[in-house]
Each structure stands twice: as C-alpha cells, then as structure tokens.
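The values are calculated or read from the model by the stated rules, or taken from the named source; none is laboratory data. Note that the structure is predicted; figures quoted are calculated from it, not measured. All Cβ positions, glycine included, derive from the backbone under ideal geometry; neighbour counts span all protein chains shown. Ligands, DNA and RNA are excluded from the accessible area calculation, which covers all protein heavy atoms including side chains. Shrake-Rupley method; radii C 1.70, N 1.55, O 1.52, S 1.80 Å.
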Amino acid sequence: MLTIPHPISTTIAAAIALAVASTGAATPGAYSGGTFAVNVESPTVKVGARALIVATISPAAGYRIADAYRHRIVNLAATDDGVEIGRKVVRGLVKDGAVVFRVEVVPKTAGPHLVVGVFRFSITDGERLDIKAAPFEATVTATD
C-alpha cells in the first residue's frame with residue numbers, strides 16, 4: 001500500500017522547519033505519521049564546513065521497519081543556493097529497529113537554509129507491509 005503524505009504531516013514538518021530555522025540551533029525536529037515517528041537533527045556549522053543532517057524513522061508500538069526494503073530519501077534539494085547537497089538520493093540504514101539517514105551538506109552562505117525531500121520507507125505489523133512516503137525537511141544554519 002502506498003501512502004501519500006497527509007497535509008497535516010506536511011504542515012507539521014513545515015512548522016518544525018520554521019521553528020528550527022528561527023532558533024538557529026541544532027535542534028531536533030519531530031513529527032508522527034501514526035504508525036511511525038520522524039526525528040530530524042538539523043545542524044549548525046560554519047560556512048564551508050561539511051555537516052550531516054541525521055534523520056531517524058522509528059516505528060510505533062506494534063510495528064517494525066521492514067529490513068529488506070531500500071529505505072531512502074529522494075528528491076533532495078535546497079530551497080536556495082546557500083547550501084550544497086552531497087547526493088540527491090540518500091539510502092537509510094536499519095539500526096536498532098529504526099531507519100537512520102545521513103544527509104551530507106556544505107553551506108555556502110551564512111544563515112538558515114531549508115533542505116527538502118521525500119522519505120520512502122516500509123513498515124510492517126507482521127501481517128501487512130506498507131510502503132510509506134513522508135516529507136523530509138531540515139534546516140542547515142551556517143555561521144561566519
């Protein structure tokens with residue numbers, strides 16, 4: 001079953017990105033999709049320094065991440081020219097029952113820069129396998 005991101009999830013993710021951008025701190029963002037939860041750690045680094053955005057998808061009680069699926073973030077892009085993204089598609093690794101993604105970025109200008117994409121992952125309740133899509137948003141804040 002393919003799940004299209006719900007507008008509320010998109011709104012929540014946008015609110016998280018805005019909150020992180022306005023604080024300028026490496027604050028993790030989080031939201032829930034019912035059967036899963038997303039946590040995104042947005043970095044603050046110096047201009048030109050390599051940084052990692054770490055995103056984790058954890059299953060809700062009664063669910064587990066499907067090990068055999070190619071979990072990934074696709075269509076990675078910056079909303080401005082202030083940050084360079086290492087890859088347009090990033091694969092996730094299943095670790096301790098969750099999927100962990102590491103998105104490499106290098107900010108080119110000072111300030112907050114929004115990075116967006118789409119999580120693609122699968123989750124199961126032991127009987128049914130669901131292929132999910134959820135919004136990915138993170139803010140990379142660069143300092144001089």
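Straight-line cross-link reach from residue 95 at under 17 Å between alpha-carbon atoms covers these aspartates and glutamates, not counting any fewer than eight positions away in the same chain: 41, 67.
Computed from the Cβ-Cβ distance with R0 of 25 Å, the FRET efficiency linking residue 54 to residue 125 stands at 0.40. Three principal axis extents describe the C-alpha atoms of the range 32-131; from largest down they are 48, 20, 20 Å. These residues, 79, 56, go from largest to smallest accessible area, 1.4 Å probe, as 79, 56. Across all directions, the shadow cast by the convex hull of the range 66-115 built on its C-alpha atoms averages 3.9 square nanometres. Along the Cα-to-C-beta direction of residue 30, a point sits 7 Å from the Cα; which residues of the range 110-138 have their amide N less than 11 Å from that point? No residue passes the distance filter.
Modelled label positions at residue 79 and residue 46, each set 7 Å beyond Cα in the direction of Cβ, lie 2.8 nm from each other. Projecting the Cα atoms of 97, 38, 59 onto the dipole axis of the range 31-144, where Lys and Arg carry +1 and Asp and Glu carry -1 at the beta carbon, places 97 farthest toward the positive end.
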